[in-house]
Amino acid sequence: MVLPRGDGDGWACCALGHKHWGLFGAAGLLLWHRGSVLLQHRALWSHHGGTWGLLGGARNRAESAEQAAQREAAEEAGLADDSYEVTGAFVDDHGGWSYTTVVARAHAAVLPTGLTGETLEVRWVRVEDLHDLPLHPGFAATWETVRAIA
């Protein structure tokens, strides 16, 4: 499957001088189902490769954070946006660049498939087992905050 490049693909720097993927920011989907969350094991070549985090990526210029998170979840794991209900969002603002975690509840425990080279694996992880995995640093830093939104 060949996916078109979005106009948001590229590196940006925040006010703190950190390098982030997404010219217009980025967004990811935190999908819950019965005490578990759906996580992506990121490809080794990617930014923070080998870590576990949310399905997500760069926002395109004309996309809302919710649209970007839904598009990325569909591209990376084949998730249909009617298989879950969005319940909230958290914006992690870095000054000139932000990452929005879109929180949602799955209607059922869908069985996703990693569809792109960005993904080693996609699976449901019980919340109590989350810290047994090497987490993406941004996800790890905001976990307690986004967990409370669910």
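The values are calculated or read from the model by the stated rules, or taken from the named source; none is laboratory data. Not measured: the values here are computed from a predicted model. Glycine also receives a Cβ, built like all others from the backbone with ideal geometry; neighbour counts cover every protein chain displayed. Please note that ligands, DNA and RNA were not included when accessible areas were found on the heavy atoms of the full protein model with its side chains. Shrake-Rupley method; radii C 1.70, N 1.55, O 1.52, S 1.80 Å.
Brief remarks on what is shown
- Anisotropy class assigned to the chain is rounded, per the alpha carbon gyration tensor with a/c under the 1.5 cut-off.
- Counted residue by residue at 0.36 nm each, then reduced by the alpha carbon distance between them, the extension gain from Asp81 to Val125 reaches 13.8 nm.
- For the chain, the per residue solvent-accessible surface stands at 50 Å², with DNA, RNA and ligands left out and a 1.4 Å probe.
- With both labels modelled 7 Å from their Cα along Cα-to-Cβ, the Gln67 to Lys19 distance reads 2.9 nm.
- Net charge dipole size for the chain [Lys, Arg +1 and Asp, Glu -1 on Cβ; Debye, nearest 20]: 120
- Only protein atoms count toward the accessible area here, which uses a 1.4 Å probe; on the chain, the carbon and sulfur part of that area reaches 53 percent.
- Between Thr116 and Glu144, full extension at 0.36 nm per residue minus the direct alpha carbon distance yields a gain of 7.2 nm.
- FRET efficiency, 1/(1 + (r/R0)^6) with R0 22 Å, evaluated for Asp93 and His33 via beta carbons: 0.20
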